[in-house]
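S.K.: Below you will find the structure I want to go over with you.
The values are calculated or read from the model by the stated rules, or taken from the named source; none is laboratory data. Just so it is clear, the structure is predicted and the values come from calculations on it, not from any experiment. In this analysis, Cβ positions are derived from the backbone assuming ideal geometry, glycine residues included, and neighbour counts consider all displayed protein chains. The area values use the complete protein model at the heavy-atom level, side chains included, leaving out ligands, DNA and RNA. Shrake-Rupley method; radii C 1.70, N 1.55, O 1.52, S 1.80 Å.
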Amino acid sequence: MIQSMTGFGKHVIQLPSKKITIEIKSLNSKSLDLNARIPSAYREKELELRKTIASSLVRGKVDFGLYIENTGEETSSMVNETVVRQYMEQLGKIVPGNDMALLEIAMRMPDTMKTEREDIDEAEFKVIKDTLTEALKEINQFRTEEGKVLEDDFKARIASLKALLGDVVVMDKDRLNAVRERLEKAVSDLKVDLDENRFEQELIYYLEKYDITEEKVRLQNHLDYFTATLDSDESNGKKLAFIGQEIGREINTIGSKANFAPMQQLVVQMKDELEKIKEQMLNVL
């Protein structure tokens, strides 16, 4: 079953004095593009967290956020009084105001709070890793559900392509007869004497250039292979994209060889279906 690269996962754990929240969002990307927001106290653990996320999500533009909120009485954050006073002094020079108004504005400015660095609590970090695991389960479940929607859409469009290919197969005999008649009429309009045997040989050679038997067989095989890949155990968006390219190549060749307006109209419909598949393919893991 395929997976989408779009997903969201969130998990919250409440400790006696802290609330730990992890959020993970992902969108489509050719590779893994991971943006992490982590409290400075846990920066040394960032690589370990990144590896865990990468092994689970594989690809996508991923935003990861770790938020730790103190809910107990103890806090390691203090007002950076020197910085706040400097802000108030500078703001007072720009526009007059009472101290409370200036203080309110100053406290919104950067670096007004200072935090004493604490050693990492390994027990707390284990809780963080467990929380991350749960958030990854949620986002992967989201991706799987989105993937099912994509899979249903792909199968419907592949079925449409197979139906259009069936119309091409039925129409092919009439197409060659129509091309042959046009050529014979064009030659007869020249009103010149021709060697019938030589003309027939040249006509057969010309019609062979417009033969699409191989393209029809290859296109059918590619469509079957696409469906089989959809039904495989792993989500392989890159492989499906390669198969899609091969499908497009055969459709284009049929269109270039058609030389028959009704068949070219079918080719246009096939290209439209394939284009919609390609658009959705960008989101497949």
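S.K.: Find which of Leu132, Leu150, Leu165 sits farthest along the positive direction of the dipole of region 117-174, computed with +1 on the beta-carbon of Lys and Arg, -1 on that of Asp and Glu, about the Cα centre.
M.R.: Leu165
S.K.: Continuing with this model, one more query. Using every alpha carbon pair in region 1-90, what percent of pairs falls into each 10 Å bin from 0 up to the bin containing the largest distance?
M.R.: That works out to 14, 35, 26, 17, 8, 1, 0, in percent per bin.
S.K.: With labels modelled as points extended 7 Å from the Cα through the Cβ direction, what inter-label distance (nm, one decimal) is found for Glu81 paired with Arg180?
M.R.: 10.2 nm
S.K.: Another question, if that's okay. How large is the dipole of the chain about the Cα centre if only Lys and Arg carry +1 and Asp and Glu carry -1, each at its Cβ, rounded to the nearest 20 debye?
M.R.: 320 debye
S.K.: For an R0 of 25 angstrom, estimate the FRET efficiency from the Cβ-Cβ distance between Glu246 and Gln280 and round to the nearest 0.05.
M.R.: The calculated FRET efficiency here is 0.90.
S.K.: Let me ask something else about it. Set the Förster radius R0 to 41 Å, insert the Cβ-Cβ distance between Val149 and Val170 as r into 1/(1 + (r/R0)^6), and round the FRET efficiency to 0.05.
M.R.: 0.80
S.K.: Which GluC sites (Glu not before Pro) from region 114-175 combine a DSSP loop assignment with at most 15 other Cβ atoms within 10 Å?
M.R.: Glu116, Glu118
S.K.: According to a simple spin-label model (label point 7 Å from Cα along Cα-to-Cβ), what is the distance in nm between Ser29 and Ala41?
M.R.: Each label point is offset 7 Å from its Cα along the Cβ direction, giving 2.8 nm.
S.K.: Right, another one. Anything in the chain that counts as a DSSP H helix reaching 24 Å or more along its axis (C-alpha) with Kyte-Doolittle mean of at least -0.5? List them, would you?
M.R.: In the chain, the long hydrophobic H runs are 122-190, 237-258.
S.K.: Given the chain, report the % of alpha carbon pairs whose separation exceeds 31 Å.
M.R.: 57 percent
S.K.: With a point put 7 Å past each Cα toward its Cβ, work out how far Ala159 is from Ile94 in nm, to one decimal.
M.R.: Distance between the two pseudo-spin positions: 6.3 nm.
S.K.: Could I ask something else about it? Find the Rg to Rh ratio for region 203-275, where Rh is the Kirkwood radius over alpha-carbon pairs and Rg uses the same atoms.
M.R.: 1.07
S.K.: Give me Rg/Rg_expected for region 243-285, where Rg uses Cα atoms only and Rg_expected = 2.2 N^0.38 Å with N residues.
M.R.: 1.26
S.K.: Report in % the part of the accessible area of the chain that belongs to carbon and sulfur, leaving out ligands and nucleic acids; probe 1.4 Å.
M.R.: Heavy-atom surface of the chain belonging to carbon and sulfur, 1.4 Å probe: 52 percent.
S.K.: Sum -39500 (n - 2.57) across every DSSP H segment of at least 4 residues in the chain, then divide by the residue count to get the 222 nm mean residue ellipticity, nearest 500.
M.R.: One gets -22000 deg cm²/dmol as the mean residue ellipticity at 222 nm.
S.K.: Relative contact order for region 206-283 using alpha-carbon pairs under 8 Å, separation at least 6, rounded to a whole percent?
M.R.: That works out to 36 percent.
S.K.: Using Cα pairs closer than 8 Å and at least 6 residues apart in sequence, work out the relative contact order for the chain, in percent.
M.R.: Value for the chain: 27 percent.
S.K.: Sticking with this structure for a sec: Kindly report the accessible area of the chain per residue (heavy atoms of protein chains, probe 1.4 Å, no ligands, DNA or RNA), in Å².
M.R.: 61 Å²
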